[in-house]
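Everything on this sheet refers to the single structure shown next.
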Amino acid sequence: MILQTVRSLILICAGEPASINPMGEADEDRNNEDEAAFREAMEGVEPIEDRRVDPYRKKRRPIPVDIPVGDEDQDDFRDMAIETGDFLEFRRPGIQNRLFHDLQRGVIEAEATLDLHGLRVREAKPALARFLNHSLATGRRCVRIIHGKGRSSGQQPVLKQKSNQWLRQKEEILAFVTAPRWDGGTGAVYVLLSGKYRRRF
């Protein structure tokens with residue numbers, strides 16, 4: 001650059017026209033050359049697609065649970081004026097975030113399943129009470145309840161609404177949350193049970 005400037009000055013003194021490239025033009029030329037070199041090096045390169053999918057887990061079918069009939073106490077389930085969305089989520093104060101996230105992701109395996117889908121409300125209510133009592137008595141930590149999505153009949157998911165109301169009324173239930181897609185999705189919930197109630201029933 002210095003040599004070019006000196007030559008230009010000599011030409012000017014000799015009365016001959018000369019052109020001096022400003023620094024800005026030199027930088028622009030250098031940038032253009034760099035961009036062209038980069039494009040040439042990247043020619044034919046295709047971006048890598050993110051083909052990662054959710055971990056495969058085989059969907060489980062509900063297994064009939066041998067629950068004694070008539071062992072349920074007078075349940076205290078009552079209707080509540082709460083809104084029920086697509087995703088259910090509830091936890092009591094003091095439940096750690098990590099524990100709740102493990103429940104939400106299915107890290108804590110459900111040890112038993114109750115399928116309420118297709119039952120009437122008056123049938124589902126005592127069935128849920130018996131199932132919870134039996135699960136607590138046998139020391140289960142986490143269970144899955146299938147309440148259904150209510151799409152087949154075109155009606156509102158009544159059992160889903162009732163489950164959302166009933167489960168949060170029981171002190172022995174620490175938390176519950178909608179199951180992942182691979183294990184029932186919005187048609188089921190994981191329920192986390194407290195161990196201190198195991199011998200109560």
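Could you list, in sequence order, the residues of region 104-136 that are of a type in the set (Val, Ile, Thr) and touching a residue at least 40 places away in the same chain (Cβ under 8 Å)? ILE108, THR113, VAL121, listed by residue number. Applying a threshold of 6 Å to beta carbon distances and a minimum spacing of six or more residues, or different chains, the list of pairs starting in region 160-172 at a residue that is in the same structural domain as HIS134 (by TED's automatic domain parsing) and within 22 Å of GLY94 (Cβ to Cβ) and ending at one that is modelled with pLDDT of 90 or more and in a helix (DSSP H, G or I) reads GLU172/LEU136.
Filtering region 98-110 for residues that are under 23 Å from GLN161 (Cα atoms) and among the small types (Gly, Ala, Ser) leaves a non-empty set. Among the residues making up region 94-120, those that are under 16 Å from the mean Cα position of the chain (by Cα) and surrounded by 14 or more Cβ atoms within 10 Å (Cβ to Cβ) are LEU99, PHE100, ASP102, LEU103, GLN104, GLY106, ILE108.
The values are calculated or read from the model by the stated rules, or taken from the named source; none is laboratory data. Nothing here was measured: the structure is a model prediction, and the numbers come from that model. All Cβ positions, glycine included, derive from the backbone under ideal geometry; neighbour counts span all protein chains shown.
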